[in-house]
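Enquirer: What follows is a structure written as structure tokens; I'll ask about it next.
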Amino acid sequence: MEIRTSGVMTPTGLLPTPESVQLLKEEGVDISRHRSTPLNIETIKRADLILGMTPFHVQRAIRQAEEARGKLSF
């Protein structure tokens, strides 16, 4: 299984917040090397499932690629 994250309103390369890094570190997960990536058509095409946090995220993905329609949930 491969899991990827993407944002619908983020520039490329942002660092996680220090609070996020600390919180996940306490759970044994190191995200300090994570960088933001915007959602793109290639990611949508490769995905089997796309999870949106809100209806806005779902609509944004559909506007980018019609292929997203059958893969989305929130």
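Enquirer: Sort L24, L51, L14 from largest to smallest accessible area, using a 1.4 Å probe on the heavy atoms of the protein chains.
Expert: L51, L14, L24
Enquirer: Taking amide hydrogens as modeled 1.01 Å from N in the peptide plane, which residues meet the under 5 Å criterion relative to G7, leaving out close sequence neighbours?
Expert: Here T37, L39 satisfy the definition.
Enquirer: Given the options I41, I62, I31, which has the most mean-square fluctuation in a GNM of the chain, springs set between C-alpha atoms less than 10 angstrom apart?
Expert: I31
Enquirer: Sum -39500 (n - 2.57) across every DSSP H segment of at least 4 residues in the chain, then divide by the residue count to get the 222 nm mean residue ellipticity, nearest 500.
Expert: -9000 deg cm²/dmol
Enquirer: Here is a follow-up. Read phi for every residue in segment 33-38 and hand back ³J(HN,Hα) as whole Hz from Karplus 6.51 cos²θ - 1.76 cosθ + 1.60, θ = phi - 60°, with x for Gly and Pro.
Expert: Values, residue by residue: 9, 5, 9, 5, 9, x Hz.
Enquirer: Ordered by residue, what ³J(HN,Hα) values in Hz, to whole numbers, does segment 65-74 give under the Karplus form 6.51 cos²θ - 1.76 cosθ + 1.60, where θ = phi - 60° and Gly and Pro are x?
Expert: Taking θ as phi minus 60°, the curve returns 7, 4, 4, 5, 3, x, 10, 9, 8, 8 Hz for segment 65-74.
Enquirer: What is the distance, in nm, between label points placed 7 Å from the Cα along the Cα-to-Cβ direction at R35 and at M1?
Expert: Simple spin-label model gives 2.7 nm for this pair.
Enquirer: Could you give the angle, 0 to 90 degrees to the nearest 10, between helix 55-64's Cα long axis and the longest principal axis of the Cα atoms of the chain?
Expert: Relative to the chain, helix 55-64 is tipped by roughly 60 degrees.
Enquirer: How do H34, H57 rank by accessible surface area computed with a 1.4 Å probe, from largest to smallest? It would help to have the intermediate numbers written out before the result.
Expert: Numbers: H34 80, H57 55 Å².
Accessible-area ranking of H34, H57, largest first: H34, H57.
Enquirer: Let me ask another. For segment 1-41, what is the accessible area per residue in Å², given a 1.4 Å probe and the full set of protein chains?
Expert: 86
Enquirer: For segment 22-74, give the percent of accessible area contributed by carbon and sulfur heavy atoms, probe 1.4 Å, rounded to a whole number.
Expert: Whole-percent figure for carbon plus sulfur exposure: 53.
Enquirer: Hull surface divided by four, with the convex hull built on the Cα atoms of the chain: how many nm²?
Expert: 5.5
The values are calculated or read from the model by the stated rules, or taken from the named source; none is laboratory data. Worth saying up front: this structure is predicted, and the values here are computed from it rather than measured. Cβ atoms come from the backbone with ideal geometry, glycine included; neighbour counts cover every protein chain shown. Surface areas here come from the heavy atoms of the whole protein model, side chains and all, with no ligands, DNA or RNA. Shrake-Rupley method; radii C 1.70, N 1.55, O 1.52, S 1.80 Å.
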